Amino acid sequence: MPPRLRASVAFLVVLAVAAFAAHASATREDSPRRNVILVMIDGLRWQEIFRGANDDLLTKERGLVEKPEAVLAIFGGATREERRARLMPFLWSTVVREGTLWGNRDDGSKVEVTNGRFVSYPGYSETICGFVDPAIEGNAKVVN
C-alpha cells in the first residue's frame, strides 16, 4: 500500500473513532456536556483533503504507484468534490456534515502556525496551548 494511501486510511480510522466517541458521549442522557474533538494529522497535505487524489503523484515515476490506472479508477473523478469524497468518504459524508473543517486554501481558509518552524512538535504545542513556546524549536527531545 502506498505511504499516502496508508496515511489516508489511518486518518479515516482516527476520524471514525473520534466521531463514534463524540456520538456516544452526546447521546448519553446523564451527560449534558458538549465535547470538542481535535484531530491533527502529520504529513497529510491539505491538497488531498480538499482536492482529492492528485494525478501528478499517481504515476510510476513520481509517486511510485505500481498501477496508476487502477488507483485512478477508484479515487479519480471529474470534479474536486467527487475526487475528495472518493479518497476520504467518511470525512466528506459525516465529519463535514456534523462538524467543522478548516484549511481549504482554495476557498480562502488559510490555517497555519505562527511560530516560523515548519516541523511537527512546535506546531502541536502552539495549537494546544494557543501561543508560541520559544523553548520548543524542533522535534528533538527537550529535558523539562
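Summary of computed values
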{"quantity": "Close pairs from the stretch 39-54: first more than 22 Å from Pro68 (Cβ to Cβ), partner part of a loop (DSSP other than H, G, I, E, B), Cβ under 8 Å, at least 6 apart", "calculated": "Trp46/Gly103; Trp46/Asn104"}
{"quantity": "Verdict on Ser31 being closer than 17 Å to Trp92 by Cβ, at pLDDT below 80 and touching a helix residue (DSSP H, G or I) at 6+ places or on another chain (Cβ under 8 Å)", "calculated": "no"}
{"quantity": "Wholly enclosed helices (runs of 4 or more DSSP H) of the stretch 36-119 bearing at least 2 residues small (Gly, Ala, Ser) and over 30 Å from Glu137 (Cα atoms)", "calculated": "68-75"}
{"quantity": "Tally, over the stretch 71-103, of residues that are among the β-branched types (Val, Ile, Thr), open to solvent by 50 Å² or more (accessible area, probe 1.4 Å) and modelled with pLDDT of 90 or more", "calculated": "2"}
{"quantity": "Complete set of residues in the stretch 98-118 that are over 16 Å from Ile128 (Cα atoms), touching a helix residue (DSSP H, G or I) at 6+ places or on another chain (Cβ under 6 Å) and hydrophobic (A, V, I, L, M, F, W, C)", "calculated": "none"}
{"quantity": "Members of the stretch 120-134 found to be open to solvent by 70 Å² or more (accessible area, probe 1.4 Å) and outside any helix (DSSP H, G or I), listed by number", "calculated": "Phe131, Pro134"}
{"quantity": "Condition met for Phe75 (without any contact (Cβ under 8 Å) to a residue 24 or more places away in the chain and in contact with a Leu (Cβ under 8 Å, 6 or more places away or on another chain))", "calculated": "yes"}
{"quantity": "Failed item in (1) exposed (fewer than 15 other Cβ atoms within 10 Å of the Cβ); (2) at pLDDT below 85, with Phe11 passing the rest", "calculated": "(1)"}
{"quantity": "Tabulated pairs, the stretch 106-129, first without any contact (Cβ under 8 Å) to a residue 40 or more places away in the chain, second open to solvent by less than 80 Å² (accessible area, probe 1.4 Å) and of a type in the set (Asp, Glu), C-beta under 9 angstrom, 6+ apart or interchain", "calculated": "Val113/Glu126; Thr114/Glu126; Asn115/Glu126; Asn115/Asp133; Pro122/Asp133; Ser125/Asp133; Glu126/Asp133"}
{"quantity": "Test result for Arg105, over 17 Å from the mean Cα position of the chain (by Cα) and within 16 Å of Arg45 (Cβ to Cβ)", "calculated": "no"}
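The values are calculated or read from the model by the stated rules, or taken from the named source; none is laboratory data. Bear in mind the structure is a predicted one, so any value in this text is a computation, not a measurement. Glycine also receives a Cβ, built like all others from the backbone with ideal geometry; neighbour counts cover every protein chain displayed. Remember, those area values only see protein heavy atoms, side chains included, never the ligands or the DNA or RNA. Shrake-Rupley method; radii C 1.70, N 1.55, O 1.52, S 1.80 Å.
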